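Below: the structure, in structure tokens.
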Amino acid sequence: MKRILVLVVEDEQFLTRVLKDNLEAEGFMVDLAANGDEAIDHLHKNRPDLILLDILMPKRDGFFVLGEVRKNPEWKGLPVIVLSNLGGDTEIKKALEMGADNYFVKSQHPIEEVVQEVRNYLVGENKKEAKIGEVSS
């Protein structure tokens, strides 16, 4: 059986560690990127099954990464879940219009909820079909 790979794109080291530990405990493989440039490099080297994406990062931000993912024919179908401190309607709307599959504000959602959403997209009978522009509820 193929191991499922999640790319976590996050510059906060503590949160990166917590996400990695929780996802690995669920049986997922995890690649880490601390900024947008590293994320694009990872995508070229090892295509993940899902991307957890922060917006505010050094170098290239999450909006840049999301745009690149949705432009590339090899990546455009990848589920992208945004996990950001930005909770304003403008940022959320922009991410969803750009093709994010879901958007979590870090302060409003526990890690367990984010990990459950990853599971919903990737495993079991509840596996979601990621479609660009659709938002899960």
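Readers should treat all values here as calculations from the given coordinates under stated rules, not as data from a laboratory. Nothing here was measured: the structure is a model prediction, and the numbers come from that model. Methodologically, a virtual Cβ is constructed for each residue, glycine included, from the backbone with ideal geometry; neighbour enumeration extends over all protein chains shown.
For this structure, a couple of remarks:
- Quotient of Cα Rg and 2.2 N^0.38 Å for the stretch 5-122, N being how many residues it contains: 0.94
- Fully extended contour minus Cα-Cα distance, from Leu56 to Asn85, at 0.36 nm per residue: 9.7 nm
- Put simply, the amide H of Phe104, placed in the peptide plane, has neighbours under 5 Å in Val82, Leu83, Ser84, leaving out anything fewer than 5 places away on its chain.
- Applying a threshold of 19 Å to the alpha-carbon distances of Lys71/Lys94; Lys45/Lys94; Lys20/Lys71; Lys76/Lys106 flags Lys45/Lys94; Lys20/Lys71; Lys76/Lys106 as lying beyond it.
- Net length gained if the chain between Asp37 and Val18 were fully extended (0.36 nm per residue, minus Cα distance): 4.6 nm
- Kirkwood-type radius of the stretch 77-122, with distances r between different C-alpha atoms, in Å: 10.9 Å
- Calculated FRET efficiency, Asn46 to Ile111, Cβ-Cβ distance, R0 = 25 Å: about 0.60 to the nearest 0.05.
- Max mean-square fluctuation residue, GNM over the chain, Cα-Cα springs under 10 Å, options Leu52, Leu15, Leu66: Leu15
- Here the Gaussian network model covers the chain, with springs between Cα atoms less than 10 Å apart; of Lys106, Lys76, Lys45, Lys45 fluctuates the most.
- Here the stretch 62-101 was treated as a single set of alpha-carbon atoms; its pair distances binned every 10 Å from 0 give 31, 56, 12, 0 percent.
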